[in-house]
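All remarks here apply to the structure that follows.
Read-outs: derived from the displayed coordinates by stated rules, not from any lab. These numbers come from a predicted model, not from an experiment. Cβ: placed from backbone, ideal geometry, glycine included. Neighbour counts: every protein chain shown.
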Amino acid sequence: MEHRIWSESIASALLRKHGLRVTSPRVAISMKLLEQHCHYTAQQLHAELVRLHPALSPNTVYLTLNQLASVGVISSFRLSGNTIFDSNTTTHDHALCRECGRLEDLPSETLDAPTSPACIKEWVLEGGTRIWSGFCPICNDEADKTA
């Protein structure tokens, strides 16, 4: 997984560049999301950040994630009734473990370019992601050991 160095000043500059007001919660959220490619729901990110930022409200996390997605800093997609916020904004697919819920990016160089299905030609599409499901190596190994 790619790790990047994010400081408060870099996160602040990113927020300003996209016309967002710089606040301590927004900086903390941006730094956490952008230090490495990751996938979070608003609830997951709040649970992780509230330990270091006790005054951080779930609503602030939710609103900030939606603002970051609306300006293209992160992307989002729906999975099993939840909005997943993705810090990787390049074109890519996902692999989802059906056992543990692990969600991983699949590098774009291994993928065919996605095309929209002909049967939805009357739809106005805003984007999409393919999600491949199965068992991650850890869960697959554990299943083999119990079989």
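Got a sec? How would 86, 93 order by Cβ neighbour count within 10 Å, fewest to most?
Working: 86 21, 93 18.
Exposure proxy ranking, most exposed first: 93, 86.
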(request) Just rank 126, 8, fewest to most, by other beta-carbon atoms within 10 angstrom. (result) 126, 8
(message) Give the residue list of trypsin sites (Lys or Arg not before Pro) in the range 28-137 that are DSSP loop and have at most 13 other beta-carbon atoms within 10 angstrom.
(response) 51, 98, 121, 130
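Which whole-number percent is the relative contact order of the chain (Cα, under 8 Å, 6+ apart)?
Details: 158 pairs, mean separation 25.8, N = 147.
18 percent.
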(request) Any chance you could give the angle, 0 to 90 degrees and rounded to 10, that helix 137-146 forms with the longest Cα principal axis of the chain? (result) 50
(message) Helix 58-70 against the longest principal axis of the chain: what's the angle in degrees, Cα atoms only, rounded to the nearest 10?
(response) 70
(message) Quick check: convex hull over the Cα atoms of the chain, volume per residue in Å³, rounded to an integer?
(response) 163
(request) Would you be so kind as to identify which of 63, 43, 85 lies farthest towards the positive end of the dipole of the range 8-86, taking Lys and Arg as +1 and Asp and Glu as -1 on Cβ and the Cα centre as origin? (result) 63
(request) Please provide three numbers in whole Å: the alpha-carbon extents of the range 32-101 along the principal axes, with the largest listed first. (result) 35, 31, 23
(request) Kindly put 64, 91 in sequence by how many other C-beta atoms sit within 10 Å of each C-beta, fewest to most. (result) 91, 64
